[in-house]
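*Asks:* What follows is a structure written as structure tokens; I'll ask about it next.
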Amino acid sequence: MKRKNTPDSVTVNRKARYDYILGGELTVGMVLSGLEVRAIRDHHVQLKGSFVTIRNGELWLNNLTLGAETARNIKLLATRKQIAAFEREKVAGSTIVPVRLLGGSRHIKLVIAVGKGKKKYDKRETIKKRDIERGRYS
């Protein structure tokens, strides 16, 4: 039986779309140990509260929750050009946000995006639009 090439989302950072106006997305690899891979494949992972930083020309995912273990820092794999582009966006006042974790294929990948923080009134507007789409207001 042949495997599908479409990666399944292991987890989605739902708070990211609520807290940030997201821009361009990028799929990056992760440097993981065997126990971390097993925890991710068993869906014992949470992106809530995690963020991406740039240190020494490298991307790092901070505060990833894996099972009972908390606050892990994981190196992300991206090209120098991609990291430089994110660095320029960060200088302009944006944040790099992890959006979702993909683990359906052989490799585990992380989708990150450039985000601009929303104000309180923007968040209220998002809730209102979502409620209208659900049909709560007529």
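None of the figures in this text is laboratory data; all of them are computed from the coordinates on show. Bear in mind the structure is a predicted one, so any value in this text is a computation, not a measurement. Ideal geometry is used to build each Cβ from the backbone, glycine not excepted, and the neighbour counts take in all protein chains shown.
*Asks:* Using Cα pairs closer than 8 Å and at least 6 residues apart in sequence, work out the relative contact order for the chain, in percent. Could you put the intermediate results ahead of the total?
*Replies:* Values: 241 pairs, mean separation 45.2, N = 138.
Answer for the chain is 33 percent.
*Asks:* Report which label in (1) 42, 34, 28; (2) 50, 42, 32; (3) 63, 41, 21 holds the value of Cα extents along the principal axes in Å derived from the coordinates of this structure.
*Replies:* Answer by label: (2).
*Asks:* Within straight cross-link reach of K119, meaning Cα distance under 14 Å, which aspartates and glutamates are found once same-chain residues fewer than 8 apart are removed?
*Replies:* D19
*Asks:* With each label point set 7 Å from Cα along the Cα-Cβ vector, what nm distance links I54 and K128?
*Replies:* A separation of 3.6 nm, rounded to one decimal place.
*Asks:* Shifting gears a bit: Spelling out what I want: for every residue of the stretch 75-90, take phi, set θ = phi - 60°, compute 6.51 cos²θ - 1.76 cosθ + 1.60 (Karplus), and round to whole Hz; glycine and proline get x.
*Replies:* Result, ordered by residue: 6, 9, 9, 8, 6, 4, 4, 5, 5, 5, 5, 5, 5, 5, 5, 5 Hz.
*Asks:* Please state the charge dipole magnitude for the stretch 9-134, taken about the Cα centre, from unit charges on C-beta atoms (+1 on K and R, -1 on D and E), reported in debye and rounded to the nearest 20.
*Replies:* On the way: 26 positive and 12 negative charges, 77 e Å.
My answer is approximately 360 debye.
*Asks:* Could you give each residue of the stretch 123-132 its phi-based ³J(HN,Hα) in whole Hz, using Karplus coefficients 6.51, -1.76, 1.60 with θ = phi - 60°, and x for Gly or Pro?
*Replies:* Karplus values, whole Hz, x for Gly and Pro: 5, 4, 5, 4, 5, 4, 4, 5, 5, 5.
*Asks:* I would also like to ask the following. Taking H as built 1.01 Å from N, whose amide H comes closer than 5 Å to the amide H of S105, not counting residues under 5 places away?
*Replies:* Amide H to amide H, under 5 Å and 5 or more residues apart or across chains, S105 pairs with D8.
*Asks:* Continuing with this model, one more query. How many nm separate the modelled label positions at K116 and N73, each set 7 Å beyond the Cα in the direction of the Cβ?
*Replies:* Modelled inter-label distance: 3.0 nm.
*Asks:* In whole Hz, with x marking every Gly and Pro, tabulate ³J(HN,Hα) for the stretch 8-23 from phi via Karplus 6.51 cos²θ - 1.76 cosθ + 1.60, θ = phi - 60°.
*Replies:* Those phi angles translate into 7, 7, 6, 8, 10, 8, 5, 5, 5, 5, 7, 8, 10, 8, 8, x Hz.
*Asks:* What ranking, highest mean first, results for peptides 98-106, 47-55 when packing means the other Cβ atoms within 10 Å averaged over each residue?
*Replies:* Order by mean packing, descending: 98-106, 47-55.
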